[in-house]
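Data first, discussion second: the structure below is written as structure tokens.
The values are calculated or read from the model by the stated rules, or taken from the named source; none is laboratory data. On a predicted model such as this, the values are computed, not experimentally measured, just so you know. Virtual Cβ from ideal backbone geometry, glycine too; neighbours counted across all protein chains shown. Ligands, DNA and RNA are stripped out before the accessible areas are found, and what is left, the full protein with its side chains, is counted by its heavy atoms. Shrake-Rupley method; radii C 1.70, N 1.55, O 1.52, S 1.80 Å.
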Amino acid sequence: MALPLEHDVDAYLAYCRVERALSPLTVGAYGHDLNGLTAFLGEAGVERSGQIDAEQLRAYLQHATSRGLSARSLARALSSLRGFFRFLLDEGRRTDDPSAELVRPRVGRRLPETQPAAEVLGLLALPDLTTLRGQRDRALLSLTYAAGLRASEVLGLMVGDVDFDRGLVTPLGKGNKRRTVPIGHLTMAHLREYLDARSRAPARAQSLHLIAGPSGRPLSRQAFWKLVRAYGRGAGLGADLYPHALRHSFATHLLDGGADLRSVQTLLGHASIATTEIYTHVSREQVRSAHRKSHPRG
């Protein structure tokens with residue numbers, strides 16, 4: 001007897017976590033899309049993955065669109081469906097792929113948001129260095145920008161992932177792949193000062209996590225987002241500043257400074273250089289913007 005659709009979805013998500021080593025955020029997004037499909041088809045009496053056809057998938061995507069799903073989210077939902085049915089094919093649970101008949105929506109390429117270098121340095125000057133929290137926040141912001149780290153990467157760092165002698169950090173990136181990124185003397189000094197201050201705090205002194213909360217456990221993503229937003233407001237950058245903007249700024253500032261695209265790809269840990277190339281568009285747009293504002297015949 002065929003297993004319920006929910007069982008196949010759970011098996012696919014487990015495969016994504018274990019075999020493909022996808023990030024928790026990616027697996028969560030796939031789960032959101034596929035659980036939405038399960039609920040939608042359940043109302044139509046479809047309870048087995050073998051019962052699903054292309055028309056039902058189209059109906060689900062149309063339903064999601066009618067509820068305000070953006071073109072970008074729709075494209076992700078389609079990717080979720082395609083991955084799910086490829087998994088069913090490989091597992092022998094289906095002999096065809098109904099998602100192959102679906103058309104991918106056109107999605108405009110959104111340029112990443114960056115901040116000028118002076119604004120980022122101003123951000124680093126805001127934490128109150130008379131407190132341990134301020135020391136931690138400056139070290140966290142400084143390291144995120146200096147190494148171009150994703151939020152999950154910087155929050156997942158252990159103290160041993162920093163080579164203080166050579167000025168290197170080795171974050172664990174997507175696909176459980178490590179890379180080595182150099183960091184400058186200023187950020188190294190921020191890290192040393194933070195760890196020195198932390199060594200006098202009993203709950204955190206023995207923590208193996210580089211960026212630790214009051215209990216010594218790693219700082220949460222939600223806490224990181226909140227503190228970046230708070231410092232963004234304090235620096236006059238608005239309330240919508242988010243951690244990934246520091247990574248975007250890192251890449252753009254490197255290219256503006258003359259770094260080659262391949263080096264930036266390696267530092268960011270991008271599997272494809274096409275992902276890195278978007279930052280060249282950001283740099284060109286900034287040049288055009290400066291020209292429009294500054295040229296007398298602009």
Open item on the list: Please go through (1) closer than 19 Å to residue 8 by Cβ; (2) not in a helix (DSSP H, G or I) for residue 69 and return the number of the only condition it doesn't satisfy.
Closed with: (1)
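Let's see how each residue does on (1) without any contact (Cβ under 8 Å) to a residue 24 or more places away in the chain; (2) under 30 Å from residue 7 (Cα atoms); (3) part of a helix (DSSP H, G or I); (4) open to solvent by 20 Å² or more (accessible area, probe 1.4 Å):
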| position | (1), (2), (3), (4) |
| --- | --- |
| 118 | yes, no, yes, yes |
| 127 | no, no, no, no |
| 141 | no, no, yes, no |
| 144 | no, no, yes, no |
Task: So residue 246, is it touching a Gly at 6+ places or on another chain (Cβ under 6 Å) and in contact (Cβ under 8 Å) with a residue 12 or more places away in the chain - done: no
- [ ] Look through 96, 128 and report the one residue that is among the acidic types (Asp, Glu) and at pLDDT 95 or above.
- [x] 128
Task: Tally, over region 156-189, of residues that are touching an Asp or Glu at 6+ places or on another chain (Cβ under 7 Å) and farther than 26 Å from residue 17 by Cα - done: 0
Open item on the list: Whether any residue in region 16-36 is over 30 Å from residue 176 (Cα atoms) and surrounded by 14 or more Cβ atoms within 10 Å (Cβ to Cβ) is what I want to check.
Closed with: no
Task: Single match in 54, 77, 71 (criterion: aliphatic (A, V, I, L, M) and surrounded by 15 or more Cβ atoms within 10 Å (Cβ to Cβ)) - done: 77
Open item on the list: If I ask for residues that are open to solvent by 50 Å² or more (accessible area, probe 1.4 Å) and in contact (Cβ under 8 Å) with a residue 24 or more places away in the chain, which ones from region 221-234 would you list?
Closed with: 221, 225, 234
Open item on the list: So residue 15 passes all but one of these: (1) more than 27 Å from residue 222 (Cα to Cα); (2) at pLDDT 85 or above; (3) in a helix (DSSP H, G or I). Which condition number does it fail?
Closed with: (1)
Task: Positions within region 158-208 being part of a loop (DSSP other than H, G, I, E, B), open to solvent by 20 Å² or more (accessible area, probe 1.4 Å) and over 26 Å from residue 128 (Cα atoms), in sequence order - done: 165, 166, 170, 177, 179, 180
Task: Scope region 225-245; condition within 16 Å of residue 117 (Cβ to Cβ) and part of a loop (DSSP other than H, G, I, E, B); matching residues - done: 235, 236, 237, 241
Open item on the list: Checking residue 237 against (1) open to solvent by less than 80 Å² (accessible area, probe 1.4 Å); (2) in contact with a strand residue (DSSP E or B) (Cβ under 7 Å, 6 or more places away or on another chain); (3) among the hydrophobic types (A, V, I, L, M, F, W, C); (4) over 16 Å from residue 135 (Cβ atoms), only one condition comes out false. Which one?
Closed with: (2)
- [ ] Read through the list (1) in a helix (DSSP H, G or I); (2) open to solvent by 80 Å² or more (accessible area, probe 1.4 Å), then give the number of the only condition that residue 47 fails.
- [x] (1)
TODO: Scan region 138-178 residue by residue and report those that are under 18 Å from residue 248 (Cα atoms) and charged (D, E, K, R).
DONE: 150, 153, 174
